[in-house]
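Okay, structure first, notes after.
The values are calculated or read from the model by the stated rules, or taken from the named source; none is laboratory data. Every value quoted in this text rests on a predicted model; they were computed, and no experiment measured them. Note: ideal-geometry Cβ built from the backbone for every residue, glycine included; neighbour counts use all protein chains shown.
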Amino acid sequence: MGRNHEMKPSARKGSAAIALGLFAVAGAANAETIQIGIAGPMTGPVTQYGDMVKEGALTAIEMINAAGGVNGDQLEAVFFDDACEPKQAVAVANNIVSSDVRFVVGHVCSGSTIPAADIYDNEGIVMITPSATAPALTDDKPRSTIFRTIGRDDQQGPVAARYIVEHIKPQTVAVLHDKQSYGQGIATVVKRDLEAANIPVAVFEGINAGDSDYSAVITKLKSAGVDFVYYGGYHPEMGLLLRQARELGLEAGFMGPEGVANSELVAIAGPASEGMLMTLPADFSQNPANAEIVKAFQEKNRDAAGAFQLPAYAAVQIIAEGIAGAGTTDPVAVAEYIHANTFETPLGPVSYNEKGDLESFEFVVFRQNSDGSRVPAN
Amino acid sequence: MADFLPQFTQQLINGLSLGAIYALIAIGYTMVYGIIGMINFAHGEIYMIGAYVSLVTLTALGAQSGVPLPIVLGAALLVSVVVTAGYGFAVERFAYRPLRGGPRLVPLISAIGMSILLQNYVALGQGARDVSVPQLIAGGIDIQMGEGYSVVLPYSRLAIICVTVVLMVALTLFIQYSRMGRACRACAQDMGMSNLLGIDTNRVISFTFMLGAILAAVGGMLIGLSVGRLSPFIGFIAGLKAFTAAVLGGIGSIPGAMLGGIVLGLAETFAAGYMPSQYKDVVAFSLLVLVLLFWPTGLLGKSRLEKV
């Protein structure tokens with residue numbers, strides 16, 4: 001008889017309740033975290049720049065999560081180490097493509113960002129770099145999901161050249177670089193601008209990054225009577241150049257791009273770092289509109305005045321607002337939203353041209369003091 | 001040009017100090033090759049370890065700033081030498097000795113693996129970032145030459161050149177006149193026969209590795225003090241250049257390694273000084289190719305007669 005197999009009404013209600021309960025739990029377990037990849041040097045000579053980007057990005061992620069996340073989803077940071085090496089950056093990019101990460105803040109060094117950007121653009125992953133300044137990143141070919149929250153070397157170089165022309169007025173200038181895309185790129189821009197202003201560049205040469213002895217080049221500069229040197233590259237080499245120049249008696253002023261602005265430089269060069277000039281993004285932490293954000297940095301002992309912290313913060317913020325605005329985590333839709341809108345960030349209002357570059361960006365000349373602090377130079 | 005001589009002299013000093021470091025490391029390569037016919041690819045890392053150990057010791061001792069500088073340096077040197085010799089011994093004992101007697105390729109691969117292991121071992125222990133060495137030897141001698149052009153001989157470079165010369169002389173005397181030196185030469189000549197004649201070849205081989213490590217450690221400490229920046233990966237490029245120097249001078253010959261180091265250092269420096277400096281490595285390695293074309297066994301290498 002069928003009667004024994006019928007469920008009692010109370011049992012039916014009970015199992016319905018359990019089923020609904022299970023659905024609710026399953027629904028809650030599906031509340032997604034949006035993973036934000038943070039790619040940059042976590043090891044190697046320029047790890048400090050990776051740290052700066054980490055600080056900025058983490059502060060942004062924490063603040064956004066505390067305010068409820070993006071459409072209710074929390075952000076989660078996932079770190080990737082490319083050691084500022086193009087080959088490793090490609091491996092990282094492939095790694096990211098095959099993972100769940102669809103949004104990347106990074107990479108940090110121009111030389112690694114460019115090959116990685118190719119992969120991200122092909123696979124439709126949004127990448128916003130807070131520090132890669134080489135123009136080739138957006139000039140080489142049209143890339144629709146690649147953005148920057150920093151200026152380009154053809155905006156940075158002229159600032160340096162103008163300062164040299166107006167304030168330094170050197171007799172004999174040398175321009176050196178480290179033969180890599182970032183350093184050689186900006187050195188070439190500075191050389192071009194100096195020559196356009198009728199200041200001849202007596203020596204334009206490349207040195208090997210990673211070498212420890214630059215005395216041969218420094219002796220050459222000394223014999224040529226050079227009194228000012230612009231070096232395009234990163235702080236390990238700049239520190240050695242400063243130190244060895246002082247050792248060998250080369251009396252010249254030195255200047256570099258934002259890749260040399262690093263407290264480690266003072267550790268390497270010691271008193272020789274006094275008076276070194278550099279171009280950096282303007283110090284956005286001084287802007288009173290950013291006071292709350294600066295406070296959030298300080299609470300975690302992070303430096304809001306560093307070159308890349310606030311650009312990294314802005315990168316995360318733009319990604320978050322892009323996801324919220326596009327209403328989806330589909331990177332291509334988010335990229336379109338980012339192209340089409342203006343964002344209020346710690347860097348000021350940010351809007352993009354069709355290449356993914358900022359419409360405008362301010363670089364300022366700073367002077368390094370041997371105690372590690374820096375002041376705007378004028 | 002009035003300032004040709006001063007610039008030349010300055011570059012000479014630069015080149016000699018660079019070459020001295022290459023020579024110190026190259027001797028390690030050449031001795032090991034001479035005795036067991038194997039290229040110790042991990043030797044560059046031994047040099048790097050010597051540099052790091054001396055840095056750690058200097059930092060530890062530096063805390064007592066009342067101690068006079070020569071004692072601090074001497075102590076750091078001693079510790080570095082002893083510890084690095086220990087590493088040299090251990091590398092031979094655990095990575096190469098068990099593979100002796102097998103195909104030639106196997107210890108070579110083991111050496112490459114050891115090199116990677118040591119790099120990452122130091123990177124894990126000391127951090128993969130660059131570390132800076134306090135500038136303990138500062139200042140230099142200014143020699144006035146020409147109109148207002150001074151040639152500067154920094155004390156740190158002077159130290160490198162002097163220490164290297166002393167060590168080269170000491171090593172040559174040791175190899176030539178001491179019992180162990182004679183045993184080394186005998187093993188290099190004919191390992192099997194030396195064994196039959198009662199020489200403890202295992203001891204000699206271990207000793208050779210340790211001696212090479214000691215020289216590399218001195219080089220590492222000197223470079224750390226002079227350049228002021230260390231990373232776990234400096235051993236790679238230094239090892240490559242030193243190996244080139246050893247081959248240039250004749251692999252297996254100790255005077256050859258010394259000469260090869262100096263020649264390579266001078267070639268690199270003069271290339272960087274008188275040509276656009278991005279080509280200095282091109283010049284250095286082209287020199288290697290040219291030398292090997294005309295002297296296949298290197299500058300001081302012995303041409304081996306194959307007796308049929």
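Each residue in the stretch A:169-215 was checked for being modelled with pLDDT under 90 and of a type in the set (A, V, I, L, M, F, W, C), and 1 pass. Listed by position, the helices (runs of 4 or more DSSP H) contained in the stretch A:283-346 that have at least 3 residues being in contact with a strand residue (DSSP E or B) (Cβ under 7 Å, 6 or more places away or on another chain) are A:309-326, A:331-340.
Would you check which residues across the stretch A:248-276 are within 18 Å of A:Gly50 (Cα to Cα) and more than 9 Å from every other protein chain (Cβ to nearest Cβ) and list them? Of everything in the stretch A:248-276, those that are within 18 Å of A:Gly50 (Cα to Cα) and more than 9 Å from every other protein chain (Cβ to nearest Cβ) turn out to be A:Pro257, A:Glu258, A:Gly259, A:Val260, A:Ala261, A:Asn262, A:Ser263, A:Leu265.
Yes or no, residue by residue, for (1) away from every other protein chain (no Cβ under 11 Å); (2) not charged (D, E, K, R):
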| residue | (1), (2) |
| --- | --- |
| A:Ile186 | yes, yes |
| A:Asp211 | no, no |
| A:Ala216 | no, yes |
| A:Pro236 | no, yes |
| A:Arg246 | no, no |
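If you check B:Gly261, B:Gly181 for being in contact (Cβ under 8 Å) with a residue 24 or more places away in the chain and part of a helix (DSSP H, G or I), only one passes: B:Gly261. Scanning the stretch A:308-334 for residues that are surrounded by fewer than 24 Cβ atoms within 10 Å (Cβ to Cβ) and among the aliphatic types (A, V, I, L, M) yields A:Ala324, A:Ala326, A:Val332, A:Ala333.
Taking first residues from the stretch B:31-57 that are free of Cβ contacts under 8 Å to residues at least 24 places away in the same chain and partners that are in a helix (DSSP H, G or I) and β-branched (Val, Ile, Thr), the Cβ contacts under 8 Å between residues at least 6 apart in sequence or on separate chains come to B:Thr57/B:Val79.
Can B:Glu45 be described as within 21 Å of B:Leu167 (Cα to Cα) and of a type outside the set (Lys, Arg)? Yes: the conditions hold for B:Glu45.
Tell me, yes or no, whether the stretch A:156-173 has at least one residue that is outside any helix (DSSP H, G or I), within 23 Å of the chain's Cα centre (by Cα) and not aliphatic (A, V, I, L, M). Checked against the condition, which is being outside any helix (DSSP H, G or I), within 23 Å of the chain's Cα centre (by Cα) and not aliphatic (A, V, I, L, M), the stretch A:156-173 yields no hits at all. Among the residues of the stretch B:36-52, those identified as surrounded by 24 or more Cβ atoms within 10 Å (Cβ to Cβ) and not charged (D, E, K, R) are B:Asn40, B:Ala42, B:His43, B:Gly44, B:Ile46, B:Tyr47, B:Met48, B:Ile49, B:Gly50, B:Ala51, B:Tyr52. Does B:Met193 meet the test of being modelled with pLDDT of 90 or more, surrounded by fewer than 17 Cβ atoms within 10 Å (Cβ to Cβ) and more than 14 Å from chain A (Cβ to nearest Cβ)? Spelling it out, B:Met193 is indeed modelled with pLDDT of 90 or more, surrounded by fewer than 17 Cβ atoms within 10 Å (Cβ to Cβ) and more than 14 Å from chain A (Cβ to nearest Cβ). Within the stretch A:339-357, the set of residues being of a type in the set (Val, Ile, Thr) and over 18 Å from the mean Cα position of the chain (by Cα) comprises just one member, A:Thr342. Close contacts from the stretch B:66-81, counting a first residue that is at negative phi and a second that is among the hydroxyl-bearing types (Ser, Thr, Tyr) and in a helix (DSSP H, G or I), with Cβ to Cβ under 6 Å and a gap of 6+ residues or different chains, come to B:Ala76/B:Ser54; B:Ala76/B:Thr57; B:Val79/B:Thr57; B:Ser80/B:Ser54.
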